[in-house]
Amino acid sequence: MRRLTPALALTLGALVLTALPAHADSATHLAHRDSYGTKATYEPERSAHGDRRPPAGYTPVFTENVSRHGSRSATDSEDGDLILALWDKAAADGQLTGKGREFGPTVRALEAAMAKVGYGDLSGLGKQEIHDTAVRMAKRLPSLFAGIARDGEKIDVVSSGQGRAVDSADLFTAGLAATDPALRPLIGATRTDKDLLYFHKAAGGAAYRDYLANDQRLASTLKSITDQPKTHEAARGVLRRLFEDAFVDQLSAADQVAAATAVYNLYAIAPAMAQESPGGRGWDMQRYISTAQAAWFGYLGDAEDFYEKGPGFAGSDITYKMADVLLDDFFRQIEQQIEARKTGAAALGAELRFTHAEEIIPLAALMGLPGSTKPATPNHPYTYAANPWRGADVAPLGSNIQWDVYEKNGRYLVHMLYNEKETTFKPTCRPITKNSKFYDYADLKTCFGRR
């Protein structure tokens, strides 16, 4: 959807991507968060009255998490290249609006900043998000980490092996060590497990990849959602902010959508790059796309993620069944902790995992986490009005799922945090008492069909 047709591409000529000064006045992007989809920057969520205390006598003995990498630059320059090609042509033809004249230098500066960071790599904000999340973990569980340091328990660290996930692991563990230097020698070197944390590209994701490539229902559903009059109306509206009407009229409907999508994608990634903007003030990309237009393109992005990674179609688990390998590991780590405590063997104090949206989103659906429980039916396709699933809530940049394990007299309880907010397990899992957020581990195994 983002590429120009060959005929139009030929008319644009070669690009010269020279960085020019940015025009940016504001880093404000918190309003209308849904419009950013899974590129929304991380905001830790907290329970209204703080986390509940465990029942009397229970002490934390283990914690484990899985975290998406922090905020990053765009994975490539495609969006910038595409829209700057149009901008250069419009500039040469005298077809830029007032905002359009400001837009080109802003995009060139943003692209230069992303190239300097490294396409797909953590931005300054992303590094801060991950570090701060680690510090908050340590502060929430002071007795656990004090015990880890005292008893010399190891902290295992594993990633997908992708650069931004590895970097996130290193930053997270550095944040933990900063809270207590005694933890530093206990933190293992980050190891790679693609089957566990990059399963959508590993052997376990073969059926899923076939679904993406060949499922006609998926293709037709996404086409019907995208190819609506509202999409074309929004695309034309975005471009008319930048280019004179006569220039926009020269573009085919498909090229208008591709170009407007590129503008939206730059809008969506800009908050992640706020610290790299001139003076750290932000890129002010809101000037170039209206709230309603951003919301519509955000919805289209969410629809794609919903059907390709999330709850998807009713009666099918193809988008999230492969996440079972990761859920299995959550249970396996607790089993090993329990066995070690029984036998007196060395026990892990923490298991830390670092991955991507392609893993967090299906895991959330598999676990039935809030917002990820409702698939779409043929008669009721995914819409914001009919379904609570939102990429900005389910898997923003830096999103995470954490299980804390507590023990008393050989009984183990599990307490879950989702983006740092204590969260109940799916309704079929019963907490130890009504309205509690703590679950008996043996009951939890049964609830999830683990033996």
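Quick notes on this structure:
- When each of the peptides 414-426, 293-305 is scored by the mean number of other C-beta atoms lying within 10 Å of its residues, the order from highest to lowest reads 293-305, 414-426.
- Note that the chain shows a convex hull volume over its alpha carbon atoms of 151 Å³ per residue.
- Shown for segment 46-183 is the translational diffusion coefficient from the Stokes-Einstein equation, using the Kirkwood radius over Cα pairs, a temperature of 20 °C and a viscosity of 1.002 mPa s: 116 µm²/s.
- Near Phe62, the amide H atoms lying under 5 Å from its own belong to Val405; only residues 5 or more places off or on other chains count, and H is placed 1.01 Å from N.
- Probe 1.4 Å - accessible area at Thr226, Å² to nearest ten: 40
- With R₀ set to 22 Å, the beta-carbon distance separating Lys342 from Thr192 gives a calculated FRET efficiency near 0.15.
- The stretch between Glu43 and Lys426 holds 135.6 nm of extra length on full extension. This uses 0.36 nm per residue minus the Cα-Cα distance.
- Heavy atoms of Thr291 accessible to a 1.4 Å probe, total area in Å² rounded to 10: 80
- What the Cβ-Cβ distance of Lys445 and Ala219 gives, at R0 = 51 Å and to the nearest 0.05, is a FRET efficiency of 0.85.
- Using the Cβ of Ala314 as centre and a radius below 15 Å, the other residues enclosed give a net charge of +1, where K and R count +1 and D and E count -1.
- The 3J(HN,Hα) values that the Karplus relation (6.51, -1.76, 1.60; θ = phi - 60°) gives for segment 80-90 are, in residue order, x, 4, 5, 6, 6, 4, 5, 4, 4, 5, 5 Hz. Gly and Pro appear as x.
- Phi-derived couplings, Karplus 6.51 cos²θ - 1.76 cosθ + 1.60 at θ = phi - 60°, listed residue by residue for segment 336-346: 5, 5, 5, 5, 5, 5, 5, 9, x, 6, 5 Hz, with x used for Gly and Pro.
- You can think of it this way: the chain between Asp249 and Lys116 has 44.3 nm of extra reach, that is 0.36 nm per residue less the Cα-Cα gap.
- Degrees between helix 216-226 axis and first principal axis of the chain (Cα, 0 to 90, nearest 10): 60
- Heavy-atom accessible area order for Thr343, Thr221, largest first, 1.4 Å probe: Thr343, Thr221
- Distance between the 7 Å Cα→Cβ label points at Asn435 and Lys408: 1.9 nm.
- Of the peptides 325-334, 107-116, 256-265, the ranking by mean beta-carbon count within 10 Å, highest at the top, reads 256-265, 107-116, 325-334.
- Sites Ala178 and Arg332 - FRET efficiency at Förster radius 25 Å, r taken between beta-carbons, to 0.05: 0.25
- Estimated from helices alone, the mean residue ellipticity of the chain at 222 nm is -14000 deg cm²/dmol (sum of -39500 (n - 2.57) over DSSP H runs with n ≥ 4, per residue).
- Simple spin-label estimate for Asp317 and His32 in nanometres, 7 Å along Cα-Cβ: 3.9
- When Rg and the Kirkwood radius Rh are both evaluated on Cα atoms of segment 338-451, their ratio Rg/Rh stands at 1.03.
- Unit charges at the beta carbon, dipole of segment 133-187: most positive-side option, Pro181, Ala149, Val135: Val135
- Point-to-point label distance, Ala292-Asp227, nm (Cα→Cβ direction, 7 Å offset): 2.5
- DSSP-defined antiparallel bridges as percent of all bridges, the chain, nearest 5: 60
- In degrees, nearest ten, helix 253-269 long axis to first principal axis of the chain (Cα): 50
- Calculated translational diffusion coefficient of segment 186-267 (10 °C, 1.306 mPa s; Stokes-Einstein with Kirkwood radius over alpha-carbon pairs) equals 98 µm²/s.
- Sequence-distant contacts, meaning Cα pairs under 8 Å at least 6 residues apart, place the relative contact order of the chain at 29 percent.
The values are calculated or read from the model by the stated rules, or taken from the named source; none is laboratory data. The structure presented is a predicted model; accordingly, all values stated were derived computationally and were not measured. Neighbour counts run over all protein chains shown; Cβ positions are idealised from the backbone, glycine included. Surface accessibility is based on the protein's heavy atoms, side chains included, excluding ligands, DNA and RNA. Shrake-Rupley method; radii C 1.70, N 1.55, O 1.52, S 1.80 Å.
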